[in-house]
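Asker: I'd like to ask you about the structure that follows.
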Amino acid sequence: MDANGPRTGDTGGGFVPSARTGGRRPRAGSAPSRARGSSTVAAPGAAADGGPDVRPDGRPDGRPDGGVEGAWHEGASERIARQVRDAERHAEAAEALRDELARQHASARSGRGEVRVEVDARGRLVRLVLSDRATALPAATLARLIEDTAHAAAHQVDASALALVERRLGAGSPLLAAMQEDLTLGAAPR
């Protein structure tokens, strides 16, 4: 667009001649006229006279003919099918990894065996077993022993999950890095 308005041939709103051609803007709904001195822009695939574009070698443009364009079209369906298969394989592997991570459990025992805990993949307490000796401990001591043992089990399940992801995806995996960062942030003192 210049100071005189849209240039002749702009396709953004129909035919609008420039001020230099002396043409008029057609009314809405009417067909554009060819003002003297105006130019038009041919639609892709059509020459200015309405016929198909022709390549220098005489073949019509836009047809798969074994050239570069044709080769791309011919191989596109195979490439797309391969990409879909790869995406499906990655989705299945991710789902299998998620399921395996969800099945992770860990257990820990206190030093003298007074407390045994089992946690699930998220570190949530699944089972708590107290020995007869544990009931003889003062309440504060027993509470602290349960907390410490549960934390040890949660640490074990985290380490097991990290090892599983590293085995499956490799040490440079973005998922592994995100899990490590998440566990580091979760372990930070509050």
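The values are calculated or read from the model by the stated rules, or taken from the named source; none is laboratory data. In this text the structure is predicted, and so the values were computed from the model without any measurement. To get the accessible areas, we keep the full protein, side chains included, count just its heavy atoms, and leave off ligands, DNA and RNA. Shrake-Rupley method; radii C 1.70, N 1.55, O 1.52, S 1.80 Å.
Asker: In this structure, does residue 80 turn out to be β-branched (Val, Ile, Thr), open to solvent by 70 Å² or more (accessible area, probe 1.4 Å) and at pLDDT 90 or above? Reasoning before the result, please.
Answerer: On the way: β-branched (Val, Ile, Thr): yes; open to solvent by 70 Å² or more (accessible area, probe 1.4 Å): yes; at pLDDT 90 or above: yes.
Criteria met by residue 80.
Asker: Strands (runs of 3 or more DSSP E) wholly in region 96-190 with at least 2 residues that are open to solvent by less than 30 Å² (accessible area, probe 1.4 Å) - which ones?
Answerer: Where strands (runs of 3 or more DSSP E) fall fully within region 96-190 and carry at least 2 residues being open to solvent by less than 30 Å² (accessible area, probe 1.4 Å), they are 106-109, 115-119.
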